[in-house]
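Where a number appears in this text, it was derived from the coordinates with a stated rule and is not lab data. Note that the coordinates shown come from a computational prediction; the quantities given were computed from them, not determined experimentally. Methodologically, a virtual Cβ is constructed for each residue, glycine included, from the backbone with ideal geometry; neighbour enumeration extends over all protein chains shown.
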Amino acid sequence: MNSFKTRSSARKSVLTIVYTFILLFLLAFLGLTITVAAWIFFEGILLFVFAFCLFLVARTHWEIEFQGNTVYLYNTGNRQQYRIENLTQSALLIKQTQKQKSNNTADLLIADTTLRIYDVQNCSDLLTYVRENLPR
């Protein structure tokens, strides 16, 4: 009888351990599933925010108008208007990469301001205007 009881106790112990591990495995699997689902959800939100920012940037462009040595800038993205008076050639920094040269575009930085305008179209026309109309 003692041996039967011992085997029975051992069997109960083994089954208890197995059931416990099955339960723990299911809980771990459920926890992992929830974790992965949450990660995918938040990753989706981050991708949406990134795509929205790209959309806003793609819609943004600058309109530049020169009147004598005054420049009027309009940012279509945030609908801000800027007016800079007494502009000189030395106040304009125009930079071009090789790719921009082939596309006839340039980056424009107006000194003493935070305005940086990227990929200004018709760079050659802009350079001609600056040389002919703005004081040094």
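Before moving on, here are some points about what is shown:
- For segment 62-133: rounded, prolate or oblate by the Cα gyration tensor [a/c cutoff 1.5]: oblate
- Candidates Ala111, Ala91, Ala28: whichever shows maximal mean-square fluctuation once the chain is modelled as a Gaussian network with Cα springs under 10 Å: Ala28
- MRE, 222 nm, helices only [DSSP H, n ≥ 4, -39500 (n - 2.57), over the chain, to nearest 500]: -19500 deg cm²/dmol
- Axis angle, to the nearest 10 degrees, between helix 2-59 and the longest C-alpha principal axis of the chain: 10 degrees.
- Computed extension gain for Leu47 through Leu26, at 0.36 nm per residue and net of the alpha carbon distance, reaches 4.5 nm.
- Taking trypsin sites (Lys or Arg not before Pro) across segment 59-135, the ones in a DSSP loop with at most 15 further Cβ atoms lying within 10 angstrom of their Cβ are Arg79.
- Long-range HN-HN contacts of Val120 with modeled amide H, under 5 Å: Ala106, Asp107, Leu108
- Rounded, prolate or oblate (a/c below 1.5 giving rounded, otherwise prolate when a/b exceeds b/c) for the chain by Cα gyration tensor: prolate
- Under the criterion of Cα pairs below 8 Å and six or more residues apart, the relative contact order for the chain equals 14 percent.
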